[in-house]
Number of protein chains: 2
Amino acid sequence: MGKTKAPVKTVLTKAKTARKVYPGEDDPRLQALVREIIERVADKWTMLVLEALDEHGVVRFTRLGELVGEISQKMLTKTVRQMEKDGLVKRTVHPVIPPRVEYELTELGRSLGEAFCGVWVWALKNGEEIERARVEFERGAGRGIGMS
Amino acid sequence: MGKTKAPVKTVLTKAKTARKVYPGEDDPRLQALVREIIERVADKWTMLVLEALDEHGVVRFTRLGELVGEISQKMLTKTVRQMEKDGLVKRTVHPVIPPRVEYELTELGRSLGEAFCGVWVWALKNGEEIERARVEFERGAGRGIGMS
DNA sequence: CTGAATCCCCTATGATACTG
DNA sequence: CAGTATCATAGGGGATTCAG
């Protein structure tokens with residue numbers, strides 16, 4: 001770890017029109033932070049659980065698993081615990097029998113869900129295009145693929 | 001791949017206590033599509049490469065690796081290839097010596113980058129809060145944590 | 001019902017070496 | 001420079017069992 005050298009730009013090839021600028025992109029500390037967050041949140045299960053909770057509000061363990069879909073109890077537990085740890089999810093245990101444990105997004109979690117909303121929408125809008133791109137690629141692949 | 005049997009949980013198709021409504025959320029086909037997209041795109045390396053390309057435009061292989069940070073050549077290749085396959089990235093090979101291969105986002109890739117933009121911003125804004133939440137959780141964890 | 005604990009497979013990922 | 005190929009390993013992740 002810790003390497004993270006960053007001689008950064010200076011050598012950007014010309015004609016880089018749409019150079020997108022992010023707030024704080026020049027702050028290495030923030031860069032590292034974003035990186036860490038991405039690594040923590042950019043995981044299949046986390047995103048799916050996030051979506052499920054964002055959509056359905058307060059749900060119980062088993063139900064949550066059903067909503068997410070094909071997820072093992074183990075992964076669900078692990079994911080949800082990690083999210084709780086990160087302050088994205090609130091876990092409420094009702095001391096009754098049978099046990100009733102409810103999960104819901106925290107304020108932070110909801111805000112993240114909102115941020116990801118753009119991605120869901122994107123997926124809905126462009127899913128088919130990706131599908132098409134993939135098929136097309138498959139057709140052209142295998143050979144040299146003369147681009148350039 | 002995982003065709004995990006049939007979860008004959010008879011009790012599932014019920015009125016959803018949905019709060020947030022996504023376009024097409026009632027269409028199982030679209031649901032599956034979103035799910036697939038998420039699974040494909042919600043991966044650490046993909047997101048990091050996406051960000052790097054979104055920020056810097058056209059970059060060469062090695063440079064891209066530097067921009068992403070701690071990524072092995074193998075993973076970079078794999079990720080970038082997958083993204084190309086999905087139509088997110090365009091790969092241009094210049095037949096010169098030494099070889100020069102440039103990567104850049106396609107229109108589709110840029111649109112995804114835009115969708116994810118909300119997440120970068122979120123990470124920048126809430127990174128520290130997550131940090132705090134985690135620390136706090138650590139302190140309170142370990143024991144029973146009587147909630148409810 | 002909600003999990004924790006176990007067993008175990010398989011793949012994701014890193015390190016290294018080789019090629020064009 | 002831009003990969004590919006190989007080897008090796010940790011851990012992701014499923015199935016099953018146990019417990020409160």
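The values are calculated or read from the model by the stated rules, or taken from the named source; none is laboratory data. Here the structure is a predicted model, which means the values were calculated and not measured. Reconstructed Cβ throughout: ideal geometry from the backbone, glycine too, with neighbour counts over all protein chains shown. Surface accessibility is based on the protein's heavy atoms, side chains included, excluding ligands, DNA and RNA. Shrake-Rupley method; radii C 1.70, N 1.55, O 1.52, S 1.80 Å.
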The correct count of residues that are more than 10 Å from DNA strand C (Cβ to nearest atom) and within 22 Å of residue A:47 (Cβ to Cβ) in the range A:88-100 is 3
Out of (1) away from DNA strand C (no atom under 16 Å from the Cβ); (2) facing another protein chain (nearest Cβ under 7 Å), the one residue B:85 does not meet is (1)
Those residues of the range B:29-55 that are within 12 Å of DNA strand D (Cβ to nearest atom), of a type in the set (D, E, K, R) and touching a helix residue (DSSP H, G or I) at 6+ places or on another chain (Cβ under 6 Å) come to a total of 2
Filtering the range A:80-111 down to residues that are closer than 21 Å to residue A:37 by Cβ, touching a strand residue (DSSP E or B) at 6+ places or on another chain (Cβ under 8 Å) and of a type in the set (A, V, I, L, M, F, W, C) yields A:80, A:83, A:88, A:89, A:105
When (1) near DNA strand C (Cβ under 10 Å from one of its atoms); (2) open to solvent by 30 Å² or more (accessible area, probe 1.4 Å) are applied to residue A:67, the one that fails is (1)
When the range B:86-106 is checked residue by residue, the ones that are at pLDDT below 95 and either away from DNA strand D (no atom under 12 Å from the Cβ) or open to solvent by less than 10 Å² (accessible area, probe 1.4 Å) (or both) are B:86, B:87, B:88
Taking the criterion of being in contact (Cβ under 8 Å) with a residue 24 or more places away in the chain and under 30 Å from residue A:105 (Cα atoms), would at least one residue in the range B:99-108 satisfy it?
no
Within the range B:109-137, restricting to residues that are open to solvent by less than 10 Å² (accessible area, probe 1.4 Å) and of a type in the set (A, V, I, L, M, F, W, C), the one that is farthest from residue B:90 (Cα to Cα) is B:130
Those residues of the range A:51-64 that are within 11 Å of DNA strand C (Cβ to nearest atom), more than 9 Å from every other protein chain (Cβ to nearest Cβ) and open to solvent by less than 50 Å² (accessible area, probe 1.4 Å) come to a total of 1
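In this structure, is residue B:74 over 16 Å from the mean Cα position of the chain (by Cα), among the charged types (D, E, K, R) and more than 16 Å from DNA strand C (Cβ to nearest atom)?
no
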Listed by first then second residue, the pairs whose first member lies in the range A:59-74 and is in contact (Cβ under 8 Å) with a residue 40 or more places away in the chain, whose partner is charged (D, E, K, R) and away from DNA strand D (no atom under 12 Å from the Cβ), with beta carbons under 6 Å and at least 6 positions apart or on separate chains, are A:60/A:102
Scanning the range B:76-85 for residues that are within 10 Å of DNA strand D (Cβ to nearest atom) and hydrophobic (A, V, I, L, M, F, W, C), the one surrounded by the fewest Cβ atoms within 10 Å (Cβ to Cβ) turns out to be B:76
